[in-house]
1. Let me know the charge dipole size of segment 730-780 about its Cα centre in debye, to the nearest 20, where only the beta-carbon of Lys, Arg (+1) and Asp, Glu (-1) is charged.
2. Students often forget the sequence filter, so: which lysines lie under 27 Å Cα-Cα from residue 142 once same-chain residues fewer than 8 apart are removed?
3. Residue 568: which lysines have alpha carbons under 17 Å from its alpha carbon, excluding same-chain residues fewer than 8 sequence positions away?
4. What percent do you get for the relative contact order of the chain when only Cα pairs under 8 Å and 6+ apart count?
5. Starting from the Cα-Cα distance between residue 46 and residue 190, subtract it from 0.36 nm times their residue separation and give me the gain in nm to one decimal.
6. Given the DSSP H assignment, sum -39500 (n - 2.57) over each helix run of at least 4 residues in the chain and divide by its residue total; what's the result at 222 nm in deg cm²/dmol, nearest 500?
7. If you take the beta carbon distance between residue 411 and residue 138 as r and set R0 to 60 Å, what does 1/(1 + (r/R0)^6) give as a FRET efficiency, to the nearest 0.05?
8. Output the peptides 706-719, 740-753, 103-116 sorted from most to least packed, where packing is the average of other Cβ atoms within 10 Å over each peptide's residues.
Amino acid sequence: MIITTYGLKGVDSMKGEAYYVGKVTARKDGISKVTGAQQYPSDISIPGMMYAVVLRSIHPHAEILSIDTSEAEAMGAVCLTYDDIDPVVYNERSVSVPTATYRDRTILPKKARHVGEPIAAVAADSEEEAFLAMEKIKVEYKVLPAVYDAEEAMAPGAPKLYEHVFLGDDVVEVKNNIAVERSIEEGNVTEGFAKADIIVEKTFKTPRTYHDQLETKGAVCKPEPDGGLTVWATAQSIHANRQLLGKIFNIPLSKINVNKMAIGGGFGGSIQVNTVTPICAALALKSRRPVKLISTREGDFYSHCKYPNEFTVKMGVTKDGMLTAAHVKAVVEIGGHHIQALAYLGCVSGWFASLYKYQNLKFEGTAVYTNKVPCCALQGYGNPDINYAVESTVDIVAEKLGIDPIEFRLKNYRGIGDEFWGQGPTIRSIIKSCGVEESLVKGREIFHWDKKTSHHEKSGDIRRGIGVARGFHTSGTGGPKEGEVIDYSTCMIKINEDGSIDVVSPVCDHGGGTWEAIAKITADVLKVPLGMVELSPADTRNTGYDVATHATRGVYCGGGAAYYVAHKVKEKLLEVAGRVLSENPINLELVRDESGDQGVICVKEFPSKRITIGAVAKHAQIHSWGTIAFMDSFRQKNCPPCFVTHFVEVEVDTRTGEITVPRTLIYGDCGTPVNPDMVEGQLIGAFNRGLGMAVYEETAYDKEYGNLKCHGYMVDYKTPTSYEMPKVEDFMVRLTDTYEPSGPFGAKGMGEAAFSSVSAAIANAVYNAIGIRFYELPLTPERVLKALEEKA
């Protein structure tokens, strides 16, 4: 594997000199993870704890007439049905402002809207007893007709999933199963297309896929004597969980404490409050005992999945390769519940709008209810899907013009100085750092792009092709003005009397190194050894609010808050040190003591007059001057794009239809890479996920019964393993040489961007190999063979 790390240039005096940022260091959570000591919700055990299981609907659409739990309760089990809970209607995801949030869900419903929807739950002294008791529950259903396709659901006379839902506090009628529509236009697309010499219009489809995270969703809830709750849950936001539980159960937030836990992979699947968490809380409150509820793998498949999409993309272009207009029509099937589809359509419009300078653009989106598993964010929140459609269309346009696809991209990409839609039309900023040109120009040379041959020149059973695609994602959801998405973080930093540093942050870490980044940023601002900085155990009682670890905001926003607060601590530290040294604080500076074990303060131009920061903190304690600490919230007023470019070589076996990837080059632009090895890991891991979306994965449904055909991983749900990945020596990763002026030490994000253009690059490479353009993913052997037969 080859990796070249850049991104450390241009460090100015405002940002300070980075020491640990940009270097590979031992992970602070590494030992606990490799030894199995790291705790996840499934590891929590409390004396007297009960174990819970969920009874799920066997019908895709049915009214629940009655639930008889008497036999289960006779076995000593505690049972939960809709009769036990106040029917508070909510949305699981809480990153949007209330006026942009649709609500249609209760903890346990009286009407099931997809197979696998929780309709009851059971807690017992062991999981085995809970399952046995669950089998004794008798449910009487009134089965209703179901719809599984967006077009079918919108047709006149189709079965209705909802009569009405709530938008904020307003009641909204649901017509033709349409959850929400969104239309955005910039310029005049009619005039733009009139100026075009060539117009291309194609329709693309992307599938439902599962998140494939290692940890299934779970929670442990402990009722407290004062009527409160202590919670350990799979969560990308501890404060979102706390606030929703408080709302559902009408408990003051001061009595609910959600602990920050390590996450065994999230990929967006736990941005919302997971369905099992309020069920677990309700069981704990009813039983007055601690309860653990961990999803089975099949149950997890039935909790959430990625949005499937149908995009009709229309592009107009002049003969010299300049885009004049683009129009996207999107139909998104959201399943049985609404989890921020309004925000999803807004984000997809932004991913489309910010890829290229179209001059005139229009987006029309429709989100539709169906009797399938509810859809939620999955790494990119629609970005890989619309990217597949747009980047495929870009290749089609370039071929019609006779222009090299890379040259066409270089002519039209949005870069420094251009406007960028961070998470849709309400969140806009100006691009200040961009590695697009470097990635395309240098990547073309490294990957030997100019040696590419046309599919017309290929023959034989195994045909090779190469393709390219570029993409991006935001670093957070902030902008100069507040939009419809909430975005700020809180941090507290305290200097201890031995010179060590406590950082208390509510930011959750999916496993990609966000906590490590926050520690490095703090260490570099305060000029202390990294080993002297620790992230304290955190929960909702001892931290301020953080919206969620989503939108690739962990380093840029969570780390940005730590950077801001660390400078405030530095100001207090120098003020106290000035009192100790009888010096004006402006004459003091923090310096890194290479021979010592903590940070040092010295007089500028008189370095021999110095004192350690531990001695300053101890002096303040002895003289009752107070603890040197600071806590505040911080909002980034920007959301810089982190760019990525994928060069991919594929082999297509025309006898079997199998697609393999022998070679790839990935360029990532994350500004200053705080954890360069972990950025590399994100790029490689995301390639694996993109390969799955492009070639293997789809949660297919049995439309007679409404259930998933795969039954979890049991039947025909293939995900790529290391066997399907390129060999180590054929996997190249490069980081562009950029610096984001609004980020901590020049850093911005990478996580979701890493996934954005994988599928498009693979699809473009397959076209180069066999001359067939695919408009629907995944490119399974069956689809490839069928297309080859039709072409022949």
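The values are calculated or read from the model by the stated rules, or taken from the named source; none is laboratory data. Small disclaimer: the values here were computed from a predicted structure and weren't measured. Cβ atoms come from the backbone with ideal geometry, glycine included; neighbour counts cover every protein chain shown. Protein only, heavy atoms only, side chains kept; ligands, DNA and RNA dropped before computing areas. Shrake-Rupley method; radii C 1.70, N 1.55, O 1.52, S 1.80 Å.
1. 80
2. Residue 142 reaches 110, 111, 160, 175, 372, 703, 709.
3. 15, 494, 520, 527
4. 18
5. Between residue 46 and residue 190, full extension yields an extra 45.4 nm.
6. Value at 222 nm, helices only, nearest 500: -7500 deg cm²/dmol.
7. Efficiency computed from Cβ-Cβ geometry: 0.35.
8. 740-753, 103-116, 706-719
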